[in-house]
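Take a look at the structure set out below.
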Amino acid sequence: MMNSRITAIGTYVPQRKLTNADLEGMVDTSHEWIVQRTGIHERRIAERDEFTSDLCISAVRNLIFRYNKTIEDVDFIIVCTTTPDFPFPTVSCLIQAHFHIQSAGAIDISAACAGFSYGLIMAHSLIASGLHKKVLVIAGETLSKITDYSDRTTCILFGDAAGAVLVEADDQYEGFVSHHVGSEGKGGIHIYRTGLANKLGDQKLLDNSCIVQNGREVFRWVMRTIPDAIHHMMNNSSQTLNDVDWFIPHSANMRLIEPLCEKLEFPLERTLHSLVEFGNTSSSTIPLSLDQGIRSGKISSGDHALLYGFGAGLVHAGVLVRLQLDSVVNEPLPL
Ligand code: COA
């Protein structure tokens, strides 16, 4: 079986900030409430004419610039998103056309906040099987376009961002150690984009589709499911949680991350998240947090990182990776 590893990473967030103070002027909320319940201080919001593919393109450009990578020979593109520009064509085809990538398979996958983990697992599988050699995995979201800014229970949470990684065949280095996936469709009603609501007789129109969430139920499901799932994943690997250098859970909420660490008996200091500055950016939170760990110098070559995504579906996926990215050629500009 061919090994693979993540060789390069790039990220992008839109320039426009939406702070808690801004939200105080939009709905009945307060900076204190938001910070105490979520840990979020601000998020980035795409311009009206800026779409998921634009964010993904900028993240890929950032990857190319930093690692001096050639991507015309990428042979498979996976875009993880719940907010594609169009139902079709896919964002992955827009990326293929933009970068003049030749002969690549191109597919979007929809697994909400678990999307990036699923994308990595698929990339690794395509390479391990010998079918492909160089896979571009991009997670991109413009959640602001489907957020109801009159609903204080959801509009405080979400932001826009994109992250991209290259996964390449490597006959020496075992960059993927283990993975775990799962789903619980009967809980899908607890977080959905309207459209499903239309089917269920909700009054909201598909054209104005937006995120609806029962935060308490999602919280309960995460706490009930994810610690066991992580233990299951570790039991199927050669490593233990003590060998994990960095835990990178989906940045949904600080009030989820803290009890998760407590339940796993994993030190919070070795956890990376992107919540404070960027909020919940769904599939993009994990690559954003990973990149922040790399940019800040916290993550070293050879470190084990446990990435675990969970969210709408309900669906979850995790992967234990051993990180050894190529050398950075150009220092990244600050986000
Ligand atoms: N500002 C002020 N008050 C708010 C508010 C806001 N932005 N949003 C809700 N409230 C109010 C509610 O109306 C409610 O008031 P009431 O008691 O008078 O009815 C009270 O605060 C408690 O609401 P509740 O929804 O029970 O809050 P919570 O403690 O569960 O926190 C979440 C809400 C969303 C932060 C929390 O449930 C959560 O983090 N859940 C996980 C969801 C998640 O991360 N999903 C993404 C997974 S991908």
With a cut-off of 8 Å between alpha carbons and a minimum separation of six or more residues, what is the relative contact order of the chain in percent?
27
Count of lysine pairs, the chain, Cα-Cα under 22 Å, sep. 8 or more residues or interchain, comes to 7
Heads up, the stretch 201-325 by the C-alpha gyration tensor (a ≥ b ≥ c square roots of eigenvalues; a/c under 1.5 rounded, else a/b over b/c prolate, else oblate) looks prolate
Per the Cauchy relation, a quarter of the hull surface: what is the mean projected area of the convex hull of the alpha carbons in the chain, in nm²?
16.0
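Could you work out [θ]222 nm for the chain from helices alone, using -39500 (n - 2.57) per DSSP H run of at least four and dividing by all its residues? Round to the nearest 500 deg cm²/dmol.
For the chain, the value works out to -9000 deg cm²/dmol.
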Mean projected area (nm²) of the alpha-carbon convex hull when the stretch 4-169 is viewed from all directions:
10.0
Could you list which residues have their amide H under 5 Å from that of Phe247, counting only those 5 or more apart in sequence or on another chain, with H placed in the peptide plane?
Thr271, Leu272, Leu306
With a cut-off of 8 Å between alpha carbons and a minimum separation of six or more residues, what is the relative contact order of the stretch 183-335 in percent?
26
Using DSSP to call loops (not H, G, I, E or B), can you name the GluC sites (Glu not before Pro) in the stretch 1-46 whose Cβ has at most 12 other Cβ atoms within 10 angstrom?
none
So if I place +1 on the C-beta of Lys and Arg and -1 on the C-beta of Asp and Glu, and nothing else carries charge, what would the dipole magnitude of the chain be about its Cα centre? I want it in debye, nearest 20.
380
Over the stretch 4-169, relative contact order from alpha-carbon pairs under 8 Å, at least 6 apart, %
34
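Readers should treat all values here as calculations from the given coordinates under stated rules, not as data from a laboratory. A quick note: this is a predicted structure, and the numbers were derived from the prediction, not measured. With ideal geometry, Cβ positions are generated from the backbone for all residues, glycine too; neighbour counts draw on all protein chains shown.
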